[in-house]
1. Using a/c under 1.5 as the rounded threshold, could you call segment 9-100 rounded, prolate or oblate? The axes a ≥ b ≥ c are square roots of the C-alpha gyration tensor eigenvalues, and prolate needs a/b larger than b/c, oblate otherwise.
2. When ligands, DNA and RNA are left out and all protein chains stay put, how many square angstrom of accessible area per residue does segment 7-82 have with a 1.4 Å probe?
3. Among 36-42, 69-75, how do they line up from the highest to the lowest mean number of other beta-carbon atoms within 10 Å?
4. Just order 49-56, 18-25 by mean Cβ neighbour count inside 10 Å, highest at the front, would you?
5. How much length is gained on full extension from Leu16 to Ser75, taking 0.36 nm per residue of separation minus their Cα-Cα distance?
6. If the chain between Cys4 and Val83 were fully stretched, how many nm would it gain, using 0.36 nm times the residue separation less the Cα-Cα distance?
7. If I model a spin label as a point 7 Å beyond the Cα along the Cα-Cβ vector, how far apart are those points for Arg58 and Trp95 in nm?
Amino acid sequence: MAKCQFQPYHWIREELTIEEGYLLRGIRVIIPERYLTDILDELHSNHPGIVRMKSLSRLHAWWPNMDVDIERKVSACEACRKVLPNAPKSPANPWRWPSAPWSRIRRSIYG
């Protein structure tokens with residue numbers, strides 16, 4: 001059981017350091033499992049959405065299955081689910097077919 005518990009750390013063992021008693025992966029603090037709920041709540045306090053929440057967490061922290069935990073947190077949030085269907089959709093950028101080989105590149109270089 002202990003081997004499975006530490007397997008995620010084995011893969012990153014070359015990146016691990018200890019600074020002032022804190023375990024780090026590079027410059028990111030490794031979050032102990034007992035603090036995950038608090039950290040997820042803090043990261044989600046402004047309902048930033050999955051992408052922004054992952055981005056924020058990757059700047060400062062790391063723990064095994066971080067992305068999965070963040071996805072679950074946001075997916076379980078009622079407020080986030082209410083806003084999701086109303087999120088603005090970006091219009092598709094239609095592909096304009098070139099009139100001849102290399103014409104698109106020539107046009108962008110020579111105006």
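1. Verdict is oblate for segment 9-100.
2. That works out to 70 Å² per residue.
3. Per-residue mean Cβ counts within 10 Å order the peptides as 69-75, 36-42.
4. The peptides rank, most packed first, as 49-56, 18-25.
5. Once the chain is fully extended between Leu16 and Ser75, it gains 18.2 nm.
6. Extra length available between Cys4 and Val83 comes to 24.6 nm.
7. Once both label points are built, they end up 2.6 nm from each other.
The values are calculated or read from the model by the stated rules, or taken from the named source; none is laboratory data. Please read all numbers here as calculations on a predicted model, not as lab measurements. No Cβ is skipped: glycine too gets one built from the backbone with ideal geometry, and neighbour counts run over all protein chains shown. Each accessible area value is taken on the protein alone, full model and side chains, heavy atoms only, with ligands, DNA and RNA left out. Shrake-Rupley method; radii C 1.70, N 1.55, O 1.52, S 1.80 Å.
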